[in-house]
1. Residues being farther than 18 Å from Asp122 by Cα and part of a loop (DSSP other than H, G, I, E, B): count how many of those fall in the range 159-179.
2. Mind listing just one residue for me: the one in the range 6-33 that is surrounded by 12 or more Cβ atoms within 10 Å (Cβ to Cβ) and over 16 Å from Asp79 (Cβ atoms) and, of those, nearest to the chain's Cα centre (by Cα)?
3. Out of the range 208-225, which residues are among the aliphatic types (A, V, I, L, M) and farther than 27 Å from Thr195 by Cβ?
4. Somewhere in the range 49-57, is a residue under 19 Å from the mean Cα position of the chain (by Cα), closer than 23 Å to Asp122 by Cα and surrounded by 21 or more Cβ atoms within 10 Å (Cβ to Cβ)?
5. Filter the range 140-197 down to the residues that are among the basic types (Lys, Arg), touching a residue at least 60 places away in the same chain (Cβ under 8 Å) and in contact with a Pro (Cβ under 9 Å, 6 or more places away or on another chain) and list them by number.
6. Within the range 192-209, identify whether any single residue is closer than 29 Å to Ala107 by Cα and modelled with pLDDT of 95 or more, and answer yes or no.
7. Only residues in the range 79-95 that are of a type in the set (Phe, Trp, Tyr) count as the first member; pair them with residues that are not in a helix (DSSP H, G or I), Cβ under 9 angstrom, at least 6 apart or cross-chain, and list the lot.
8. Residue check: is Gln141 surrounded by fewer than 16 Cβ atoms within 10 Å (Cβ to Cβ) and part of a loop (DSSP other than H, G, I, E, B)?
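The values are calculated or read from the model by the stated rules, or taken from the named source; none is laboratory data. All values reported here derive from a predicted model rather than from experimental measurement. For neighbour counting, all protein chains shown are included, and Cβ atoms are generated from backbone atoms with ideal geometry for every residue, glycine included.
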Amino acid sequence: MIELLARWWIALIDATANWSVAARTRLGDVIGDCLWLLVRPRRKVTLANLRACVPQMAESERRALGRRLFRNIARGVLDHSVLWRGSREAVEQLVRVHGVEHLNNPANRPLILLAPHFVGLDAGGLRVNTLVRGVSIYARQSNAAWDDQLLQGRRRFNDPVLIPRRGASELKAVLRAMKDGLPFYYLPDMDLGATNSIFAPFFGVSAATTPMVSRLARLIDARVMMAVTEMTADGYVLHLEAPWGEFPGATVEQDTERMNREIERWVLRLPDQYLWTHRRFKTRPPGAPSLY
C-alpha cells in the first residue's frame, strides 16, 4: 500500500510539472481535505500536539488549523514538481530569498542553518543549494521509491554533502564538512529518543531535544542562524536571519532552551505551516504519560 501511494504521489508530481502555483494549490486543497479525513493517525497526532502546545485554543480552531496544515502539506508535495523537475531558474523564481547577505558573509563560518520542520523545508534546502554547497543529515525513507526521488532532488545543485542518519559517525562527517566551509542545513526539532537528547520546554511541554547546535557552536565556534521557509500564495520565501548574538550561552541546557524559543517564534508566525503531524513528544520524562 505504501509503495503504491509513493508511486501515485510521484506520478502526480510529474503530471503537475507545468502547472501554475495557483493550480497546484487548488489541487492541494482537495487532496489535503481528503488526507485530513482519511489519515486518522496523523490527524490524531496533530490534534494531540496542538492540545498540548496551545491549550487555550478552542477545539474547533485546532481542527481548522490542522485542516489548513494538511492542505499546505499536500501543496508542498505537489510543488516538488518544480523542485525536482524544474530548471535552476524555475526553482529560483519559486523560492525567493530574504537575508542572503548573511549566508554569503565569509565571517559567518562555520555556520549552522537552523531549519525547523515547516512545509517549505525541502524548498528552502534546495534553494540554499543553488547558492552555496552545503551539508545536511537526512533520514532514509522506508519507501525506496520515495527515498530515491528525495535524494535525487536534493542533490540537483552544487553537489551537497548528504549524510545518512546513523549515530555518532554522522557528527564527525558534519564537522569535516563544516571545517571546509560548508554551511550545515540542520533540522533541529525531531524527537530522536532520550539517549542523545535533553528535555527542554517547547510551548511549555518537555520535549526530548538534541543539543547538537550548542555542542557544535562550542566545539568549532560555529555561528547559528534561522533558515525558515515560508509558503506563500505564489511560492516560498526562505528567511535567512542574522546569526544569533551571545551564543553559545552559559550552558548547553540554556542554549537548547533558547533554540526551542526561536522555533516557537516562527511557529507562532506560521502556525498552519509547522509539521504538527510529527510525534514531537513521543519521548516523555520519567513517569509522564504519553500524549498520543
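1. So the answer is 2.
2. Ala6
3. The initial filter retains those residues of the range 208-225 that are among the aliphatic types (A, V, I, L, M), namely 208, 212-213, 216-217, 219-220, 222, 224-225.
Matches in the range 208-225: Met225 only.
4. Yes, that holds for at least one residue.
5. Lys179
6. First, pick out the residues of the range 192-209 that are closer than 29 Å to Ala107 by Cα: 209.
Add one more test, that the residue is modelled with pLDDT of 95 or more, and what stays is 209.
Yes, the range 192-209 contains at least one residue that is closer than 29 Å to Ala107 by Cα and modelled with pLDDT of 95 or more.
7. The qualifying pairs are Trp84/Ala17; Trp84/Arg156.
8. Considered against the rule, which asks whether it is surrounded by fewer than 16 Cβ atoms within 10 Å (Cβ to Cβ) and part of a loop (DSSP other than H, G, I, E, B), Gln141 comes out as yes.
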